[in-house]
Amino acid sequence: MGFILKPEHEALRREIRGLAEEKIAPRAAEIDRSGEYPWDVQKLLASQGLLGYAIPEEYGGSGADLLSCCIVGEELARVCANSSLIFVVQKLAAYPIVIAGSEEIKRKYLPEVASGEKLAAFCLTERDSGSDAGATKTLARREGDTYVIDGQKCFITNGGLAKVHSVFCMTDPEKGYRGISAFCVGDEPGISVGKIEDKMGMRGAQVAELIFEGCVVPAENRLGEEGSGFITAMKTLDNSRPLVGAQALGIAQGVLEAAVAWARERKAFGKPIGTLQGVGFMLADMATEVEAARLLVYEAAAMADAGDPDLSLYSAMSKMKASDVAMSVTTDAVQVMGGYGYMRDHPVERMMRDAKVTQIYEGTNQLNRLNLFKCMIAPSVPE
């Protein structure tokens, strides 16, 4: 237990904050208004080496620790959650290849993901099996030296844009989640784009349905052994949930700063509204919750970097706490700003909409609570 931010972490924060404020913040509102994928921001992040930040150096990345990744994700989300999501998803989608791919597969696919030449996508969710991964219906059928994939995935960030996919399929339906296998799928024939979702927030991200029809994948593209896909997915989520927590934390930090600035300038009854107890207490609670979330996110990231056996618990806690804080703090910020906060002229309205999905993806907060209490009572309560 315990983490200490090193001088290089603080230097990284200053570097990313400067980049975000100068290059990304001016684009944030337009990205949200247009709902178009911000290729200019993607190219900017790629040029800074950030899209391969978590990929090992031998495959073209930076090999950064998760705590550093969380600082990057937080600082990007502080000004633009959409831009942060580009960074977060590239790491999420590459991680199954990093931890379970063969050396050949890593060298074939990871350098192009690390450089940003190719976007990546994490393909687990289906319409009838969101939180219940064991109900996966997408099938991968072995045929000689290949697998043939048939099925549909939904709510896939970068769907239709990605050229590298980490796909989780059922190879033995009778075994439930123990029958799930993971595959690295490139831009293969047999993949088509279904519905592109119209979202409440994160509007600059393309989230789509992917349809696999007779998609032939070489057997060597399987990530790990048959039936190990669920474990690969869970290890990936253990390492990505703190990063989503950091994204939520960045949204909360950005909106807190906006609310404090407003409370200093806006006057009512002859004084700044921040001096009124009703508003001042709200701001104090918001600041306390943001800092509590930050400590838990950084703790979980440090545990991941140290290989701590309790990572699963703290990973779930960090994502759950930070996303709940992001939702409550953004809602309170809108309240502090009153009618102005409800208008699209002010970024807090956008940030409230963006915050909501952090409570849903990477495992809903209800699922994380379920897993947490099961872990807490498992040693003393029999099945």
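The values are calculated or read from the model by the stated rules, or taken from the named source; none is laboratory data. Everything quoted here is computed from the prediction, not taken from an experiment. All Cβ positions, even for glycine, are placed from backbone atoms using ideal geometry, and neighbour counts span all protein chains on display. Only protein heavy atoms, including side chains, enter the accessible area calculation; ligands, DNA and RNA are left aside. Shrake-Rupley method; radii C 1.70, N 1.55, O 1.52, S 1.80 Å.
Within region 212-222, the residues that satisfy the criterion of being open to solvent by less than 10 Å² (accessible area, probe 1.4 Å) and part of a strand (DSSP E or B) are F212, C215, V217.
Scan region 225-232 and give yes if some residue there is surrounded by 19 or more Cβ atoms within 10 Å (Cβ to Cβ), part of a strand (DSSP E or B) and in contact with a Cys (Cβ under 9 Å, 6 or more places away or on another chain), otherwise no. Please lay out each step first, then the result.
Restricting attention to region 225-232, the residues satisfying the condition of being surrounded by 19 or more Cβ atoms within 10 Å (Cβ to Cβ) are 229-230, 232.
Checking which are part of a strand (DSSP E or B) leaves us with none.
Taking every residue of region 225-232 in turn, none turns out to be surrounded by 19 or more Cβ atoms within 10 Å (Cβ to Cβ), part of a strand (DSSP E or B) and in contact with a Cys (Cβ under 9 Å, 6 or more places away or on another chain).
On the stretch given as region 11-32, residues that are open to solvent by 70 Å² or more (accessible area, probe 1.4 Å) and free of Cβ contacts under 8 Å to residues at least 12 places away in the same chain total 5.
Out of all the residues in region 116-132, which are of a type in the set (D, E) and open to solvent by 50 Å² or more (accessible area, probe 1.4 Å)? Result: E117, D128, D132. For region 126-170, the candidate set comprises residues that are of a type in the set (S, T, Y) and either at pLDDT 95 or above or part of a strand (DSSP E or B) (or both); within that set, the residue that is nearest to L44 (Cα to Cα) is T157. Only one entry of T236, T288 meets the criterion of being modelled with pLDDT of 95 or more, among the polar types (S, T, N, Q) and in contact with a Phe, Trp or Tyr (Cβ under 6 Å, 6 or more places away or on another chain), and that entry is T236.
Taking the condition at positive phi and surrounded by 14 or more Cβ atoms within 10 Å (Cβ to Cβ), does G73 pass?
No; evaluated as a whole, the condition is false for this residue.
Looking across region 178-211, the residues that are within 23 Å of T232 (Cβ to Cβ), among the charged types (D, E, K, R) and open to solvent by 30 Å² or more (accessible area, probe 1.4 Å) come down to R178, D187, E188.
Filtering V89, V98, V113 for residues that are within 16 Å of the chain's Cα centre (by Cα) and either open to solvent by 10 Å² or more (accessible area, probe 1.4 Å) or more than 30 Å from E174 (Cβ to Cβ) (or both) leaves a single hit, V89. Scanning region 150-171 for residues that are under 19 Å from S129 (Cβ atoms) and open to solvent by 50 Å² or more (accessible area, probe 1.4 Å) gives D150, Q152, F155.
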